[in-house]
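Here the structure is laid out as structure tokens; the discussion comes afterwards.
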Amino acid sequence: MANHHFGNIGDIWKHLPLCEILAIVQPARYWETHAGSACYDLSHTPGRDHGIYRFLRAAPGEEPLAASRYRALLSEMPKRAAEPAVYPGSPHLAMRCLQERGAMFIFCDIDGSSLDDIQRAADDLHVPRDCVRCVAADGIASIFEQLEKLNDEEAARTFIHIDPFLLHAAGEQGMNSVELFCEATKRGAQVMLWYAFDSPTPRRTDVWDLFRSTSAAHDLSRSTHNLWAGEISMPGVTASQLPDISLAGCGILCANLTDPALAACDALGRSFARIYHDIRFADGAVGQYDFTTACDL
């Protein structure tokens, strides 16, 4: 298992909007750059208590979280003491959301055990083997190579989930995750890029400087490509508090999605932030999250 951060708050503000987007746009293809495993054995840690376990406790009383596709899928996972015993990663969630549509999947990861887990999950979900391709290679280069093979109509029906460990890290072809986002956006694909910002690094200003400079170089515009970003962040958090919660903020940058999909993400983000309104750390500091839709491109 290469990902030890599953179920933390960053995962929730990735999978929550992802499931809703897929349920609305119903793409013919789902491609992912850094897939991880399909499922993880779920247990309590400070980060998960702050993430998935808080969501499970609070979501039933908070619309639209209660009615979200993500919560519905969580409720169907195997249970232990009335709680999910397994946390579904994005490959599992994507296959669940799209399996009835006959979608084609490409999952990239350099960890072979994660790819084996995805294939086992696909078999368990009865997704035909010829609909699932697991690629043991650099995800940025591999997805860009596949993107180049699509015509415009095919690209428009393709959803690309970019989930990098580091935004600046270049793949085998010298392209980083933000450049792939821009290339896919120009081709008309539906794209979601997940990103994080901590204190002191990478600062949010550094992340957005990278977004602005790269999008300008690719001649992207907010209006033409329906660019949208939704962020949760904890103002004033100190570095000493971060180890227990994993990050101070994260966001999703989206392109070419429908207005109903973006409206759903906006509503989920505002609702998600509300379940953290009463959070306080051991030292008395407020741990409340804010939600903003800021797309300064």
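What follows draws every value from the coordinates through simple rules; no lab data is involved. In this text, all values refer to a predicted model and were calculated from it rather than measured experimentally. So basically every Cβ, Gly included, is an ideal-geometry build from the backbone, and we count neighbours across all protein chains shown.
Observations, loosely collected:
- Using C-alpha pairs below 8 Å separated by at least 6 residues, the relative contact order for the range 122-182 is 32 percent.
- Subtracting the Cα-Cα distance of THR292 and ASP49 from their residue separation scaled by 0.36 nm leaves 85.1 nm.
- Tail fraction, Cα-Cα pairs, the range 1-76, threshold 21 Å, whole percent: 29 percent
- Its Cα gyration tensor gives the chain an equivalent ellipsoid. The semi-axes, each the square root of 5 times an eigenvalue, are 27, 24, 18 Å from largest down.
- Each residue of the range 170-181 was assigned a 3J(HN,Hα) from its phi angle through the Karplus expression (A = 6.51, B = -1.76, C = 1.60, θ = phi - 60°), giving 8, x, 5, 8, x, 9, 9, 5, 5, 5, 5, 4 Hz with x at Gly and Pro.
- Taking the Cα atoms of the range 186-281, the ratio Rg/Rh between the radius of gyration and the Kirkwood radius comes to 1.01.
- For VAL135, residues with placed amide H under 5 Å, excluding near neighbours: PHE107, CYS108, ASP109
- Computed per residue of the chain from DSSP H runs no shorter than four, each worth -39500 (n - 2.57), the mean residue ellipticity at 222 nm is -11500 deg cm²/dmol.
- Nonlocal amide H pairs with TYR40, under 5 Å, H built at 1.01 Å: TYR87, GLY89
- Whole-Å distance, taken between Cα centres, linking the range 16-55 and the range 93-108: 13 Å
- Across the range 89-204, the mean sequence separation of Cα contacts (distance under 8 Å, 6 or more residues apart), normalised by length, yields a relative contact order of 21 percent.
- Here the Karplus curve 6.51 cos²θ - 1.76 cosθ + 1.60, taken at θ = phi - 60°, turns the phi angles of the range 263-277 into couplings of 5, 5, 5, 4, 5, 5, x, 5, 5, 4, 4, 5, 6, 10, 5 Hz, with x standing for Gly and Pro.
- Tail weight of P(r) past 14 Å, computed on alpha-carbon pairs of the range 158-212, percent: 55 percent
- Extension gain from ALA217 to ASP152, taking 0.36 nm per residue of separation minus the Cα-Cα distance: 21.3 nm
- Estimated FRET transfer efficiency when R0 is 35 angstrom, pair GLN26-ARG280 (beta carbons, to 0.05): 0.30
- GLU62-THR224 FRET efficiency (beta carbon distance; Förster radius 22 Å; 0.05 resolution): 0.05
- Difference of contour (0.36 nm per residue) and Cα-Cα distance, ALA137 to ASP206: 22.0 nm
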